[in-house]
1. Given the condition free of Cβ contacts under 8 Å to residues at least 24 places away in the same chain, surrounded by fewer than 17 Cβ atoms within 10 Å (Cβ to Cβ) and over 30 Å from R495 (Cα atoms), answer yes or no: does some residue in the stretch 391-407 qualify?
2. What's the number of the condition S139 fails, among (1) free of Cβ contacts under 8 Å to residues at least 40 places away in the same chain; (2) in contact with a helix residue (DSSP H, G or I) (Cβ under 7 Å, 6 or more places away or on another chain)?
3. Which residue, of G47, G58, is surrounded by 16 or more Cβ atoms within 10 Å (Cβ to Cβ) and either in contact with a helix residue (DSSP H, G or I) (Cβ under 6 Å, 6 or more places away or on another chain) or part of a loop (DSSP other than H, G, I, E, B) (or both)?
4. Looking at V598, V532 in this structure, which one is buried (at least 19 other Cβ atoms within 10 Å of the Cβ) and modelled with pLDDT under 90?
5. Filter the stretch 22-42 for residues that are assigned to a loop (DSSP other than H, G, I, E, B), closer than 17 Å to E535 by Cα and not aliphatic (A, V, I, L, M) and give the result.
6. Identify the residue in the stretch 447-498 that is of a type in the set (D, E) and buried (at least 23 other Cβ atoms within 10 Å of the Cβ) and, among all such residues, is modelled with the highest pLDDT.
7. If I ask for residues that are of a type in the set (A, V, I, L, M, F, W, C), in a helix (DSSP H, G or I) and surrounded by 13 or more Cβ atoms within 10 Å (Cβ to Cβ), which ones from the stretch 285-316 would you list?
8. Can you tell me which residues in the stretch 374-404 are closer than 14 Å to I500 by Cα and assigned to a helix (DSSP H, G or I)?
Amino acid sequence: MIESLHIEDLGVIERAELRLSPGLTALTGETGAGKTMVLTSLGLLLGQRAENTIVRTGTERALVEGTFVLDPDSRAAQRALDAGAELDDDLLIASRTVPAAGRSRAHLGGRSVPSGVLTEVGAHLVSVHGQSDQLRLRSASAQRAALDSLGGSEHTALCRRYAEAYRTLQRCERELADWQADAEDRAAEAARLRQWLEAVEAVAPQPGEDAALTLEADRLDHAEDLRLAAGSARTALAGDEDLPGEAPDVLALIAHAERALAPVADVDPVLAELAGRTRQLSVLAADTASDLGEYLASLDADPARLAWVQDRRGELARLIKEVGGPEEQIDDVDALLTFCERAAERLARIDGPADTSAVLTARRDAARDELGGLARELTAARTALAGLLEEAVTAELEGLQMKGARLIVALEALDEPGPTGAESVTLLLAAHPGAPALPLGKGASGGELSRIMLALEVVLAETSRATQDSPGLSGRFGHQRTLVFDEIDAGVGGRAAREIGRRLARLARSYQVVVVTHLAQVAAWADTQLVVHKEQTAEGRDDDASGDDPVITGPTRTRVLDVHGEDRVRELARMLSGHEDSDAALRHAAELLDEARVAQSQT
């Protein structure tokens, strides 16, 4: 709920401090005194657009600050904390600064925030009912929400289950439609994959085969050069078997070195170590010569083999280029085989269970059946609630001097279940016995819409209180939601006004209620009455002024006064007759207050 409002330099309000009652607060004052500016200040704290023209003339900026009492575990508190705001126990401070030129600034819990955050938090704390809200009551969604809110937590849970079932059905239908729509594309993709896999299977490349063939092609292409080089190297190491002793070779020379070192190897350790290394050279040279001999034996200069290798390399290159299409990057045989593994898996999925379409259809049908069952359950629940809402609101309208008027809740079945149910909800008003039932937008005036809205709020609030189902509600002085009614009594008077006050007081048992009113019959029911008073300041004396009043009047300013006792009686008298000192009006005002006190003490 709203604990206090602080206003500076907003419109005609120079400075004002408002302490709001946890119950019913009435905001009164003469026309043009500045009551609208008080509501404007509240609107700024709720994130409404700020116009520079609302800044008081001659000042640099307007400031509005509000203190809200809220449940630290509520969604409003959580949203504020998410935005970086800090709570002081259960208090949240919001402020809005509007400069005479430039952009406004919003703060929440000591942290600068976008004005949209104020809107999100305020939506959980305050509901403002004015002319625009009367128009909103004419919308189908608002009327359906009013009916559903009568059902409490169990009905809310049913609505959520229905909404989830509807989303599930939509998802199943999209999956089935996508599967059916992609059938041709999948068939074409499967044909391409199958063609590529068959081509690869026919060629049967082996891992690393292209690299191995490249090496073999180089050997075959340079076979004679390789033979000459390997033969010369072997001759140098082991000599020529056909021409022994023709030229010294490495093995013979090393053998000579070994023989030279052998007699003295035991004399000097250094020579012994060198003799050992010489023997190792002999072994290494012999092994190398043997390997060169085997290499020479393996060399193949067969032109037919070279032609086959070149043909195989070309075959693999064409396969790498053609398989996978332009979007697939394949550089070698190993990448080709990896692609084939993926292609085979994809083909298995495409060609997978032949009953994929049947599975999706069955899933869609099951979701449709579940939605149908929940739709019937929701329709039955709404039908029962419609009867309760009709009876309760019609009774309230009778008390609000709309005698003979009846609220009718029409449920019309839709061709197909929608996201919120299988029927539309329309609130109709039969203005008097025998009158046709017309939609609220056609069958109700502005004043009647105000009273219908009040009747709905009272019925829904009392239902919530009876079921302890009101979100954030924790007793008369707990974390109440705030309802603001802007001149809800417009166009009514007398007994109807008194009944509006009575119902606002009843509503204030469950919520904090703020009402802007011109009627004493309504204001008398308030726990707190705030008077918006406009006055002109005196700037000085005018020596040339004629008459008995030489004082020059200064700028107009507005103050907000919390009236009690005799001051409140005089304010009610002014509202009744325009003369706060009229004896008759004073007596009538006192009677109104006494009547309201007695009536509230008896409930």
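The values are calculated or read from the model by the stated rules, or taken from the named source; none is laboratory data. Just so it is clear, the model here is predicted, and its values are computed rather than measured. All Cβ positions, glycine included, derive from the backbone under ideal geometry; neighbour counts span all protein chains shown.
1. no
2. Status for S139: all satisfied but (2).
3. Numbers: G58 fails: surrounded by 16 or more Cβ atoms within 10 Å (Cβ to Cβ).
Answer to the check: G47.
4. V532
5. So the first thing to find is which residues in the stretch 22-42 are assigned to a loop (DSSP other than H, G, I, E, B), and the list is 22-23, 29-34.
Going one step further and asking which of them are closer than 17 Å to E535 by Cα, we end up with 29-34.
Those that are assigned to a loop (DSSP other than H, G, I, E, B), closer than 17 Å to E535 by Cα and not aliphatic (A, V, I, L, M): G29, E30, T31, G32, G34.
6. The extreme case among them is E457.
7. A285, A286, A289, L292, L296, L306, W308, V309, L316
8. Of everything in the stretch 374-404, those that are closer than 14 Å to I500 by Cα and assigned to a helix (DSSP H, G or I) turn out to be V393, A395, E396, L397, E398, G399.
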